[in-house]
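Data block below; observations after.
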Amino acid sequence: MNTVSETTTDTSLLDAMTKVANARDTRALTHLFDHYAPRIRAFCLAAQPGANLMADDIAQEVMIRIWNKAHLYNPATASLNTWIFTIARNARIDYMRKNGRYQSDIDPEEFWSEMADENADPFREAQQQRDEERIREGLRQLPNEQQQVLSKVYLEGKSHSEASEELGLPLGTVKSRIRLALSKLSVIIKR
Amino acid sequence: MLSCHPTLDTLTDYSAGALPLAHALAVSVHLDQCTQCREQVRRLNMVGAELFATHSETTSQEHMAKLKDNVMAAIANSQAQAESPEEREGFMHIPQSLRRFIPKGFNGLNWIHLTPSFKLATLCNEMGGAQIALSRVKPGARLPSHRHTGNEITVVLKGAFSDEDGLYREGDFICRDHHDKHQPRVTKDAECICLIVLDSPIEFTGCLTRLLNPIMRHFHPSNALNGG
């Protein structure tokens with residue numbers, strides 16, 4: 001897996017998304033494909049190393065969902081990365097559900113999608129960008145051991161207890177590393 | 001103001017997609033009511049999105065070109081689905097994520113009367129996994145004393161109940177494990193409807209209500225005869 005240095009806040013992607021939503025512009029979708037399909041494949045291969053067929057299927061499925069749901073995308077509620085991450089995550093769960101691991105009547109797409117947020121306002125978009133930049137910068141500075149547990153959970157889709165088994169660490173250690181990482185990224189809301 | 005929320009660990013697993021689906025469904029029902037946890041999940045999603053955005057994997061250009069062609073062919077054949085926002089009326093107290101299972105409202109469900117004041121309706125079962133059901137208890141009624149044989153998540157959809165540890169209101173998310181034995185009581189002002197996710201069947205501990213245990217086991221997906 002390659003780590004790409006250049007990231008996001010690419011306005012050309014947001015432009016492409018707007019064109020897909022408003023003008024049903026297929027060329028704009030190919031632009032999104034070029035950027036996101038390799039990321040979706042990497043995301044799937046992280047969970048199931050070597051499962052290239054699954055990665056291809058899910059990458060295609062996600063791009064089709066982006067096309068079909070484009071009118072639902074609201075930049076004030078979520079950044080494009082976050083929106084596409086949630087679609088890819090749901091598609092990955094759905095694929096695994098249909099292929100045995102999580103056989104169930106529950107369709108993750110029905111509830112795992114981002115909730116409509118009545119409070120979304122234009123100021124939120126700027127705040128969101130600042131939050132994202134902070135998280136991006138914070139991730140870079142995390143110690144390896146904390147990056148490792150975050151990757152286990154977010155990229156590989158492992159639960160805290162699965163991560164603890166695979167890393168050979170006590171569950172408490174995994175939990176505290178994740179909490180520590182999240183607190184450094186300032187994403188924890190104080191109750 | 002809600003008093004009971006999923007833990008940060010649970011919300012993190014939810015955001016990462018690492019939670020069993022039945023538990024994720026219960027969390028989403030809570031999120032429907034809780035702005036605070038919604039905001040927490042929104043921020044957790046951003047962490048996932050950053051990790052997602054910084055890892056990429058390409059194969060040969062020809063291969064990616066072929067995938068792209070497949071996508072373009074698929075969208076050419078698909079009609080844009082203009083999903084209209086669903087009507088909320090008639091669905092009071094039924095969170096979005098449960099509507100598919102409760103299409104005709106609470107009264108349209110297939111309720112099983114376990115005692116004169118306590119009914120249960122199964123919404124769906126996961127194969128070999130959890131039972132997802134609604135419990136409905138009359139105002140002021142006491143639930144038969146019971147013990148949990150596995151993890152149980154309860155989310156209050158309507159009304160309120162209390163037990164030894166406190167009072168639970170609409171939207172509250174309560175997670176209990178197999179060590180807990182309790183006797184909940186519904187408040188007198190209204191009936192109480194809860195979503196319950198049971199990893200394994202509840203066991204009643206009263207001398208008469210014990211007789212219900214075979215029924216509880218029968219409806220749980222861990223019972224092979226029930227066929228999921």
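Restricting the search to segment B:1-18, which residues are crowded, with 22+ Cβ neighbours inside 10 Å, free of Cβ contacts under 8 Å to residues at least 12 places away in the same chain and in a loop (DSSP other than H, G, I, E, B)? Listed by number, the residues that qualify are B:Gly17, B:Ala18. Restricted to segment B:145-228, the set of strands (runs of 3 or more DSSP E) holding at least 3 residues that are within 27 Å of B:Glu126 (Cα to Cα) comprises B:146-148, B:152-158, B:173-176, B:192-198, B:202-204. Only a single criterion out of (1) closer than 20 Å to A:Asp25 by Cα; (2) at the interface with chain B (Cβ under 7 Å from one of its Cβ atoms); (3) touching a helix residue (DSSP H, G or I) at 6+ places or on another chain (Cβ under 7 Å) is not satisfied by A:Phe85, namely (1).
Would you call A:Leu53 in contact with a Leu (Cβ under 7 Å, 6 or more places away or on another chain), more than 8 Å from chain B (Cβ to nearest Cβ) and either crowded, with 23+ Cβ neighbours inside 10 Å or not basic (Lys, Arg) (or both)? Taking the combined requirement at face value, the residue does not satisfy it. Contact map, segment B:211-222: residues that are in the same structural domain as B:Val197 (by TED's automatic domain parsing) paired with residues that are charged (D, E, K, R), Cβ distance under 7 Å, separation 6+ or inter-chain. Pairs shown: B:Asn213/B:Glu203; B:Pro221/B:Glu126. Examine segment B:126-141 for a residue that is touching a residue at least 40 places away in the same chain (Cβ under 8 Å), surrounded by fewer than 17 Cβ atoms within 10 Å (Cβ to Cβ) and under 19 Å from the mean Cα position of the chain (by Cα), and state whether such a residue exists. For segment B:126-141, residues touching a residue at least 40 places away in the same chain (Cβ under 8 Å), surrounded by fewer than 17 Cβ atoms within 10 Å (Cβ to Cβ) and under 19 Å from the mean Cα position of the chain (by Cα): present. Among the residues of segment A:111-143, count how many are surrounded by 14 or more Cβ atoms within 10 Å (Cβ to Cβ), modelled with pLDDT of 80 or more and in a loop (DSSP other than H, G, I, E, B). The qualifying residues number 1.
Against the conditions (1) within 22 Å of B:His23 (Cα to Cα); (2) of a type in the set (Ser, Thr, Tyr); (3) modelled with pLDDT under 90, B:Ser135 satisfies every one except (3).
Scanning segment A:58-88 for residues that are surrounded by fewer than 19 Cβ atoms within 10 Å (Cβ to Cβ) and among the hydrophobic types (A, V, I, L, M, F, W, C) gives A:Ile64, A:Leu72, A:Ala76. Within segment B:45-65, the set of residues being under 38 Å from the mean Cα position of the chain (by Cα) and either more than 7 Å from every other protein chain (Cβ to nearest Cβ) or part of a helix (DSSP H, G or I) (or both) comprises B:Asn45, B:Met46, B:Val47, B:Gly48, B:Ala49, B:Glu50, B:Leu51, B:Phe52, B:Ala53.
The values are calculated or read from the model by the stated rules, or taken from the named source; none is laboratory data. All of these numbers come straight from a predicted model, not from anything done at the bench. No Cβ is skipped: glycine too gets one built from the backbone with ideal geometry, and neighbour counts run over all protein chains shown.
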